[in-house]
1. For Glu52, which sequence-distant residues (separation of 5 or more, or a different chain) have an amide H within less than 5 Å of its own amide H, given hydrogens modelled in the peptide plane?
2. From the Cα gyration tensor of the stretch 41-124, with a ≥ b ≥ c the square roots of its eigenvalues, which class applies: rounded if a/c is under 1.5, or else prolate if a/b is larger than b/c, or else oblate?
3. Only bridges whose two residues both fall in the chain count here: according to DSSP, what percent of them are antiparallel, nearest 5?
4. Rounded to the nearest 20 debye, what is the charge dipole size of the stretch 80-175 about its Cα centre when +1 sits on each Lys and Arg Cβ and -1 on each Asp and Glu Cβ?
5. Can you find, among Gly66, Ala122, Ala106, the residue sitting farthest towards the positive end of the charge dipole of the stretch 60-175, where Lys and Arg contribute +1 and Asp and Glu -1 at Cβ?
6. Taking all protein chains as present, what is the carbon and sulfur share of the accessible area of the chain, in % to the nearest whole number, probe 1.4 Å?
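The values are calculated or read from the model by the stated rules, or taken from the named source; none is laboratory data. These numbers were taken from a predicted model, which means no experiment stands behind them. Don't worry about glycine lacking a Cβ; one is built from the backbone with ideal geometry, like all the others, and counts go over all protein chains shown. Remember, those area values only see protein heavy atoms, side chains included, never the ligands or the DNA or RNA. Shrake-Rupley method; radii C 1.70, N 1.55, O 1.52, S 1.80 Å.
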Amino acid sequence: MFKKIMSVGAAMMAALTAACEDGPSTVPGGWRSAALWSTMVHASANGPLWVEIHGRPFADADGEWGDKVAAAMTNQLVGRQLVMTAHRDQAARPEFKVVLAFNPPANTDPRDLCGGPVATAAQPGEKITVLAAFCDKNGMLGSVQGWVAKVQGLDDPRFTRLLGQVVRDLFGTAG
């Protein structure tokens, strides 16, 4: 009986481990400004925070994909309403922005996201990578990188979880 329980347990662990191999996974950047949280609160107090997107997470993304990315990133913080928009003209304070680069080269410096477009892969692969930075007019306040593999499209729950994790790791908490 014990042997049977152990083999079932081992099979369950293998299945869980296999699921983790496909992500989503995120890692906060090595530097974070002490003013990041308060700047985000200020930038989003009177309306949406702009999310500027470079690259495409999926080759077949339709014209609304930026709106879907912003919607997936909206209200991902506990205790803080945070609405995102993919449209600069809808942002309350467009001098503050979250910049996402889908499938950038592995050596891309997150600080470069605040300065303008960065190189991204022409054709997305099976594994989607993302590099994100929160920027003000002076530069980067914080960053996060992440990935997910084997997702089916913008509406895939694992892709949505990746974007939620990016927001939570980027902004953390006020504490």
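1. Residues meeting the criterion, in which the H sits 1.01 Å from N, are Val98, Val99, Leu100.
2. Details: a/c = 2.02, a/b = 1.50, b/c = 1.35.
Verdict is prolate for the stretch 41-124.
3. Numbers: 20 of 27 bridges.
Counting only bridges with both partners in the chain, antiparallel ones make up about 75 percent.
4. On the way: 11 positive and 9 negative charges, 41 e Å.
Rounded to the nearest 20 debye, it is 200 debye.
5. So the residue furthest toward the plus end is Ala106.
6. Values: 5140 of 9370 Å².
The computed percentage sits at 55.
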